[in-house]
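Student: Quick one: the structure is below, and I'll ask about it shortly.
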Amino acid sequence: MKLDKKNLKRIKGDASFRIFFRKKSNKKNSIIVYTNKEKKKNLLIYDAINSLLIKNKILAPKLFNENYKKNFIEIEDFGNDTVFALLKKKRSNKLKLYKKSIDLLNKIQKIKQNKIKNFKGKNYKIPIYRDKKLLNEANLFYDWYAKKFVNKNELLKFNILIKKKIKFLLSKTKLKNNIFVHRDFHVSNLMRYKNQLAIIDTQDALIGNRAYDLASLIDDVRFKSTKKFKDNIYKYYLKLNKKNINKEFFLNDFEILSVLRNLKIIGIFTRLAIRDKKKKYLKLIPYAWKLIELRTENNKIFSDLKKLLDVNFSSKIRNIK
């Protein structure tokens, strides 16, 4: 398969190394995903995870064609209606959209399969989301963000202390790593297509903690919502899963993973600005801080981490975009 550039229109991308084009034809539109970096993850694994989801009756982009040698695949086009775009409309029923998102998450979390053949005919096994990986992700906060604001003489000490606090929090999680985790389950990766919700951007999926994707959705930096709204969504998820979760353990893990995820996000958004010149994500950092504050405010498990963050990052720093 070769690319006919006449029929291609570049469309808005994401935070990855991929470039997206919409391909117009009389029969059906499609999306060309092109990348020459992290090709295995962004093309081969991406399609493998999509195939697994489709096999389990989840709406994800089907593969139409591939030219791995030339760094691209052609996949199904779900249009432009992300849940995020729908939420921004004045008359949108925000609660209904979030509940539908929870319904989709619930369906995804029922997947038991962790192996699928990729388009090269080889088996891909979804890795486990181990503590070491979570720790490495949280370290992005230190590697890219903290270095900008913590005094050079204090940096080493800060690094040692924050790693210690993060390891402590990870040691306090209660749930098993036995659930399909999308890892970026948020409103920009959910799309309305033919009156259903579809999921995209699946290449980072792992087998991990049940609370992770819910934390991604509820404590999402892209869409600001009230504490009451967040609590309503959280309760809806609990209602759907009342028979198979321990409420105390689940809340514990939800709050820990939300905090660690938002520390990671602050690090990633800073890296995108510095390394990749994608500065638009910086405006989301103040709200990521608000989400960290929300979850650490009344929970003693975060007291040491909260003190460390409060000493080193003033409210003025936290509001820098």
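The values are calculated or read from the model by the stated rules, or taken from the named source; none is laboratory data. Bear in mind that the values here come from a model prediction, so they are computed numbers and not experimental data. Reconstructed Cβ throughout: ideal geometry from the backbone, glycine too, with neighbour counts over all protein chains shown.
One line per residue, one yes/no per condition, for (1) over 25 Å from F229 (Cβ atoms); (2) in contact with a helix residue (DSSP H, G or I) (Cβ under 9 Å, 6 or more places away or on another chain):
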| position | (1), (2) |
| --- | --- |
| D276 | yes, no |
| Y281 | no, yes |
| L284 | no, yes |
| L294 | no, yes |
| N298 | no, no |
| S303 | yes, yes |
| K306 | no, yes |
| N312 | yes, yes |
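Student: I would also like to ask the following. Tell me yes or no: at least one residue of segment 238-258 is closer than 28 Å to K148 by Cβ and of a type in the set (A, V, I, L, M). First the steps, then the outcome.
Tutor: Of segment 238-258, the ones closer than 28 Å to K148 by Cβ are 255-258.
Checking the rest, the ones that are also of a type in the set (A, V, I, L, M) come to 256-257.
Looking through segment 238-258, at least one residue is closer than 28 Å to K148 by Cβ and of a type in the set (A, V, I, L, M).
Student: Counting just the residues of segment 38-76 that are among the acidic types (D, E) and either over 21 Å from the mean Cα position of the chain (by Cα) or modelled with pLDDT of 95 or more (or both), which one comes out surrounded by the most Cβ atoms within 10 Å (Cβ to Cβ)?
Tutor: Per the stated criteria, the residue is D47.
Student: Could you list all residues from segment 165-182 that are without any contact (Cβ under 8 Å) to a residue 40 or more places away in the chain and under 26 Å from I200 (Cβ atoms)?
Tutor: Within segment 165-182, just N178 meets the criteria.
Student: Would you mention how many residues in segment 279-313 are outside any helix (DSSP H, G or I) and either outside the structural domain of K152 (by TED's automatic domain parsing) or surrounded by fewer than 16 Cβ atoms within 10 Å (Cβ to Cβ) (or both)?
Tutor: 3
Student: Restricting to segment 204-219, and then to whatever is farther than 18 Å from A138 by Cβ and either buried (at least 22 other Cβ atoms within 10 Å of the Cβ) or charged (D, E, K, R) (or both), can you tell me which residue is farthest from the chain's Cα centre (by Cα)?
Tutor: R210
Student: Name the single residue, out of those in segment 129-160 being farther than 20 Å from V181 by Cα and of a type in the set (D, E), that is farthest from the chain's Cα centre (by Cα).
Tutor: In this case the residue turns out to be E154.
Student: Would you check which residues across segment 96-130 are among the acidic types (D, E) and surrounded by 15 or more Cβ atoms within 10 Å (Cβ to Cβ) and list them? Steps first, answer last, please.
Tutor: Let us first name the residues in segment 96-130 that are among the acidic types (D, E), namely 103.
Result: no residue meets the conditions.
Student: Filtering segment 282-321 down to residues that are closer than 14 Å to I256 by Cα and among the polar types (S, T, N, Q), which residue is nearest to the chain's Cα centre (by Cα)?
Tutor: Residue satisfying both the conditions and the ranking: T296.
Student: Pull out all pairs, ordered by first then second residue, where Cβ-Cβ is under 9 Å, the residues are six or more apart or on different chains, the first lies in segment 99-117 and is within 17 Å of N178 (Cβ to Cβ), and the second is aliphatic (A, V, I, L, M) and in a loop (DSSP other than H, G, I, E, B).
Tutor: That search, which allows pairs on different chains as well, returns K107/I58; I108/I58; I111/I58; Q113/I126; N114/I126; K115/I126.
Student: Counting only residues that are closer than 20 Å to L214 by Cβ, give me the strands (runs of 3 or more DSSP E) lying completely in segment 44-139 with at least 1 of them.
Tutor: Passing ranges: none, list empty.
Student: Would you pick out the residues in segment 195-251 that are part of a loop (DSSP other than H, G, I, E, B) and either free of Cβ contacts under 8 Å to residues at least 24 places away in the same chain or hydrophobic (A, V, I, L, M, F, W, C) (or both)?
Tutor: N195, I200, A205, V221, F223, T226, K242, K243, N244, I245, listed by residue number.
Student: Looking only at residues in segment 17-34 that are in contact with a helix residue (DSSP H, G or I) (Cβ under 6 Å, 6 or more places away or on another chain) and assigned to a loop (DSSP other than H, G, I, E, B), which one is farthest from I126 (Cα to Cα)?
Tutor: K24
Student: Another one. Just to verify a result, which residue in segment 148-166, among those that are charged (D, E, K, R) and loosely packed, with under 14 Cβ neighbours inside 10 Å, is modelled with the lowest pLDDT?
Tutor: K152
Student: Shifting gears a bit: Taking segment 130-147 on its own, how many of its residues are in contact (Cβ under 8 Å) with a residue 12 or more places away in the chain and either more than 17 Å from N262 (Cβ to Cβ) or not assigned by TED's automatic domain parsing to the domain that holds I166 (or both)?
Tutor: Final tally of qualifying residues: 2.
Student: Go through I320, I266 for me and flag whichever is within 21 Å of N151 (Cα to Cα) and crowded, with 20+ Cβ neighbours inside 10 Å.
Tutor: Testing whether each residue is within 21 Å of N151 (Cα to Cα) and crowded, with 20+ Cβ neighbours inside 10 Å leaves just I266.
Student: On the basis of being part of a loop (DSSP other than H, G, I, E, B) and at negative phi, does K37 make the cut?
Tutor: When the stated conditions are applied, K37 passes them.
Student: Something else now. May I ask you to list the residues in segment 190-203 that are at positive phi and surrounded by fewer than 20 Cβ atoms within 10 Å (Cβ to Cβ)?
Tutor: We begin by selecting, within segment 190-203, every residue at positive phi; these are 194-195, 201.
Across segment 190-203, the qualifying residues are K194, N195.
Student: In this structure, does I266 turn out to be touching a helix residue (DSSP H, G or I) at 6+ places or on another chain (Cβ under 7 Å), of a type in the set (A, V, I, L, M) and in contact (Cβ under 8 Å) with a residue 12 or more places away in the chain? Give the derivation first.
Tutor: Values: touching a helix residue (DSSP H, G or I) at 6+ places or on another chain (Cβ under 7 Å): yes; of a type in the set (A, V, I, L, M): yes; in contact (Cβ under 8 Å) with a residue 12 or more places away in the chain: yes.
When the stated conditions are applied, I266 passes them.
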